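Participant: Below is one structure. I have some questions about it.
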Amino acid sequence: MKKICGSMLFASLVIPAGTFAAISGSNEIGLRGVSVSGDSSSFAEYRNIEDGVFGTISLSSSSSDQYLDLDADYSGSNDESFSLSGGKYGRYKYELFYDVMPHYYSYGNRTIYSGIGTDTLTYFAVDQSTAPASYTPNVPTDSSIWNTFDYGIERTKYGANINFNFGTPFYVKASLSKEERSGVKLLAAPSGVHGSFSSGNFSAFGQLVEMPEPVDYETRTLQLMTGYSSPKYLVELSGAISGFENENNTLSWRNPYVTTQELNEVNVLAPDNDYYKLAVKTAIRELPFKSTLAVKLNSAKTESEVPLLNTIWSSTGAPTYTYTTLGLNQDEFKGDVNTTKGAITLSSRPTKNLSTKFYYDYYDKDNDSSHIVYTSLTSLNTVENHLYEYSKHSAGMDVNYRLTPQNKLSGGYEYVSVDREREDFDSTRDHKLFAQLKNSSLDWATFKLKLQYMDRSGDFVQADEGGDASILLYQQRYDVADKVQTMAKVGVELYPSDAIDVGLEYSFKYNDYDETVLGMTEDIRHGVYADVVYRLRDAVRLSGYAGYEMVNQDSNHRQYNPGDDPNPAAGTGGQPLTGLRS
Amino acid sequence: MYRNRSNYRAPGLLLTTSLAVLLLLGLATVAAAEGSATFVGDETCLSCHDQQAETYDKSLHAQAWSSKGGQFKQNGCESCHGPGSAHAESNDPEDIRSYSGKAMADDNSACLSCHQSSPELALWKSGAHAENDVSCASCHTIHEDDKPAVKEPETCFSCHRDIKFDSNKRSHHPIIEDKVSCSDCHNPHGSFSESQLRADSTNELCYSCHAEKRGPFLWEHPPVEENCLTCHTSHGSRHNNLLTSRVPNLCQDCHDWSRHPGSAYDATNNFSGSGGNRFIARSCLNCHTTIHGSNAPQNPDSGYNGGHYFVR
């Protein structure tokens, strides 16, 4: 209610008295009683579904040249939203907005830890009189005394947009927003060190810890845009700045599998980062053959600065574990990713029945981040990071031809080439063709058929790294592997009367990874969808929908023992191709 | 049997000529109807179309024309529908410009005559909606109230029914809860990007809300860096966290090795024993939790607790 009153007070201050005629709108208020059995967090998820009062307010006022709207939903609850918008026709418009959205994951979770929601998790000591002296403090095994909490995040976003043109072709737009996220989400981690509740060592595979990760994020974004837009020309310059801050850069958690000492593990959380973007866009309309030429160029940068940790728990050493100090070539990681995009599109209508589009798009991601090398001070082994970057070229054409007023034929071709800094495939090339026919011969039906074919080929450049790593010579990862993709979509819209609309659609997609030895080899998807809308004199609208999907995936895997020959055809020292599954 | 083709020329020629004459007459009729029709004024229109009369005065167009003056204020309804005298006399929908069941070019020319200079419509003609004959009136309600804005997502779902199906799956972006709208991610009027996204790439769009994934990270996961949709689907999924398939299947489609992760994770032995955590809880993500990237240190001599394997 405070926010509604505040919005109206703001409006009364900025809008001259007597500007508007009478206010119209609606005010709905209701009572809600809720009873949920089962996992109520799934039922609520993004909404505040609780007992109580809820309502919406929608107010509008306008004059001959100005308007003002206020919309408020579910005021007072944690999924409320407010919007105050207004403007002067042909001159300016503005909007103030405020929106809250919860995201519930699960309720009533239990943890041994205290400090939930902070960057330090520790568990409380139990009655030491019942625990062996060598195990202090011991992990409480009675879950009924553990702490209870809910996994969930609340997102609050607010800001303002304003758009000026003052009745001229020139315009200025500005947008400022702030988004805050707070709560806890699930984090899981392995023990990392060999430990147990008694003597001896256990494999870390069986020692997992689930814990609440604190979420306290803030993202601020400013966007500015200015340009000139007339029926024939558009020139626009825009920029954006976005900053992300995480109040918690690390999470320290006491390892419950190590009871001979207080061993605090550290997870490094999402880093602060800054994003900058500058873009230029231009369009020229009313060219010959009713053409429009549009061009866009932009450049963006993402930066982060993270002080690096150079100590880590040794993974062995029970019953006493020690910190291992690592060698580092520099003590700070500076993230620096630059992207560049250029695009040009020419769309034309040479004749009344023919329209065409030609386009070219270039995207480049350049990674200038720090090259970090960790060195073991005992063995002098090293591990270093790999900076991923890629560039992508896309070019294509679409043609649409109206055979008759009721029949339209479309087709197109696209070529996509990607070069990557990657050890398996360093480049891929896609050829994509599509054809579509749309028929509306009957007054009460429209039919559409679309077929698409894509052929991807790539350069497999994986080197033989020896030992177990030799298996990579036979692994083709589906996101870049050679494949042939076939897609089909058939749809029909039926209008048997003015009151009823019926829609039916079938889709088929088949990915054949024809060169893959190990990895996904086939992906087949069928989907059938239907919906119906019934309108009763525009006062009542009933709708229903149904769908059925079937997905079938096949893949090959190799399971072998360390030291054996990873070659899938090897018949000794391990199992051949196995693990085929659908 | 041999047929003398000359016997078929005369009837064929007559048929073709007849069709041509009929076509010309039809076109002439329409042209005559529009060419000879005159403006009759809003009161004449609204005397029959009372439903539109109830909301017309509240509409943004009525307000805008009232303030804009000139031709628009004078002609009102007929600014978009054309001169109405012929229709007023015959009551025939064919004698007036309407916006249902017609070719898109006819539908949109009236709208574009005013709105073409809008920066939002700079790429309309090259967009997928224009190529698929979606008219302005297909999405925007012109006569209703003062809000011609599209009612999302219902309007979009009326054509994109597979997306409607996805949006109602158990893991989904809050589209049906009205917290994320279709136009937050897509520009329905056209853009330079695939699927008419409002960003230069899929990842840049995702980072606008999920800035904690923006990095840059010390240890990167290449498919994550190139395209979020390698592992996720954007509208809805049967699997947790909008994943395209279930973990560990998703991870094993790319990762193989001796023993772990090469062991075929299936139902025979992965709910108990040493592999007992493979299907429990978050499966691979139980350990490899920082799968989007990590800044944690890495001991070259051990992989259990470092950032290189996304374990910290």
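Participant: Within the range A:509-545, take every residue that is in a strand (DSSP E or B) and acidic (Asp, Glu) and give me the one that is modelled with the lowest pLDDT.
Facilitator: A:531
Participant: Also, quick follow-up: Taking the range B:42-54, which residues are loosely packed, with under 15 Cβ neighbours inside 10 Å and either among the polar types (S, T, N, Q) or over 25 Å from residue A:25 (Cα atoms) (or both)?
Facilitator: Passing the criteria: B:43, B:47, B:48, B:51.
Participant: Say we look at the range B:207-231 and pick out the residues that are touching a helix residue (DSSP H, G or I) at 6+ places or on another chain (Cβ under 7 Å) and in contact (Cβ under 8 Å) with a residue 24 or more places away in the chain; which of these is nearest to the other protein chains (Cβ to nearest Cβ)?
Facilitator: Among those that are touching a helix residue (DSSP H, G or I) at 6+ places or on another chain (Cβ under 7 Å) and in contact (Cβ under 8 Å) with a residue 24 or more places away in the chain, it is B:223.
Participant: Looking for whichever is under 30 Å from residue B:297 (Cβ atoms) and touching a residue at least 60 places away in the same chain (Cβ under 8 Å) here; the options are A:208, A:263. Which one fits?
Facilitator: A:263
Participant: Let me ask you something else. What is the residue count in the range A:379-389 for residues that are more than 7 Å from chain B (Cβ to nearest Cβ) and in contact with a Ser or Thr (Cβ under 9 Å, 6 or more places away or on another chain)?
Facilitator: 1
Participant: Next up: Is it fair to say residue A:475 is of a type in the set (S, T, N, Q), buried (at least 16 other Cβ atoms within 10 Å of the Cβ) and modelled with pLDDT of 95 or more?
Facilitator: no
Participant: Do you know which of the residues in the range B:235-265 that are of a type in the set (S, T, N, Q) and buried (at least 21 other Cβ atoms within 10 Å of the Cβ) is farthest from residue A:422 (Cα to Cα)?
Facilitator: The residue in question is B:263.
Participant: Quick test of your reading of the structure: residue B:102 fulfils all but one of (1) outside any helix (DSSP H, G or I); (2) touching a Gly at 6+ places or on another chain (Cβ under 7 Å); (3) at pLDDT below 70. Name the failing condition by number.
Facilitator: Every condition holds for residue B:102 apart from (2).
Participant: Which condition does residue A:258 not pass, out of (1) assigned to a strand (DSSP E or B); (2) more than 7 Å from chain B (Cβ to nearest Cβ), if it passes all the others?
Facilitator: (1)
Participant: Please go through the range A:451-482 and pick out each residue that is in a strand (DSSP E or B), more than 10 Å from chain B (Cβ to nearest Cβ) and not acidic (Asp, Glu).
Facilitator: Hits for the range A:451-482 are A:451, A:452, A:453, A:454, A:456, A:457, A:458, A:460.
Participant: Something else: Return yes when residue A:134 is part of a helix (DSSP H, G or I) and at pLDDT below 90 and no when it is not.
Facilitator: no
Participant: Scan (1) at the interface with chain A (Cβ under 9 Å from one of its Cβ atoms); (2) touching a helix residue (DSSP H, G or I) at 6+ places or on another chain (Cβ under 7 Å) for the single condition residue B:171 breaks and write down its number.
Facilitator: So residue B:171 meets the others, but not (1).
Participant: A follow-up question, please. Quick check: anything in the range A:305-318 at pLDDT below 95 and more than 9 Å from every other protein chain (Cβ to nearest Cβ)?
Facilitator: yes
Participant: Also: Output the number of residues of the range A:62-83 satisfying the condition of being touching a Phe, Trp or Tyr at 6+ places or on another chain (Cβ under 7 Å), in contact (Cβ under 8 Å) with a residue 60 or more places away in the chain and of a type in the set (A, V, I, L, M, F, W, C).
Facilitator: Summing the residues that are touching a Phe, Trp or Tyr at 6+ places or on another chain (Cβ under 7 Å), in contact (Cβ under 8 Å) with a residue 60 or more places away in the chain and of a type in the set (A, V, I, L, M, F, W, C) in the range A:62-83 gives 2.
Participant: Among the residues of the range A:524-552, what is the count of those that are more than 9 Å from chain B (Cβ to nearest Cβ) and of a type outside the set (Phe, Trp, Tyr)?
Facilitator: Final tally of qualifying residues: 15.
Participant: Can you find a residue in the range A:360-372 that is under 23 Å from residue A:287 (Cβ atoms), more than 24 Å from the chain's Cα centre (by Cα) and more than 10 Å from chain B (Cβ to nearest Cβ)?
Facilitator: Looking for residues that are under 23 Å from residue A:287 (Cβ atoms), more than 24 Å from the chain's Cα centre (by Cα) and more than 10 Å from chain B (Cβ to nearest Cβ), one finds at least one in the range A:360-372, hence yes.
Participant: Would you check if residue B:190 is touching a residue at least 60 places away in the same chain (Cβ under 8 Å), small (Gly, Ala, Ser) and either within 7 Å of another protein chain (Cβ to nearest Cβ) or outside any strand (DSSP E or B) (or both)?
Facilitator: Judged against the criteria, residue B:190 is a match.
Participant: For the range A:416-435, indicate whether the set of residues that are within 30 Å of residue A:497 (Cβ to Cβ) and in contact with an Asp or Glu (Cβ under 9 Å, 6 or more places away or on another chain) is non-empty.
Facilitator: no
Participant: Would you pick out the residues in the range B:129-165 that are more than 9 Å from every other protein chain (Cβ to nearest Cβ) and part of a helix (DSSP H, G or I)?
Facilitator: Of everything in the range B:129-165, those that are more than 9 Å from every other protein chain (Cβ to nearest Cβ) and part of a helix (DSSP H, G or I) turn out to be B:129, B:136, B:137, B:138, B:139, B:155, B:156, B:163.
Participant: Select from the range B:166-187 the residues that are farther than 23 Å from residue A:545 by Cα and touching a residue at least 40 places away in the same chain (Cβ under 8 Å) and list them in ascending order.
Facilitator: Matches in the range B:166-187: B:185, B:187.
Conditions (1) assigned to a loop (DSSP other than H, G, I, E, B); (2) modelled with pLDDT of 95 or more, marked per residue:
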| residue | (1), (2) |
| --- | --- |
| A:159 | no, yes |
| A:176 | no, yes |
| A:183 | no, yes |
| A:201 | yes, no |
| A:205 | no, no |
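The values are calculated or read from the model by the stated rules, or taken from the named source; none is laboratory data. What you are looking at is a predicted structure, and each value in this text was computed from that prediction instead of being measured. Don't worry about glycine lacking a Cβ; one is built from the backbone with ideal geometry, like all the others, and counts go over all protein chains shown.
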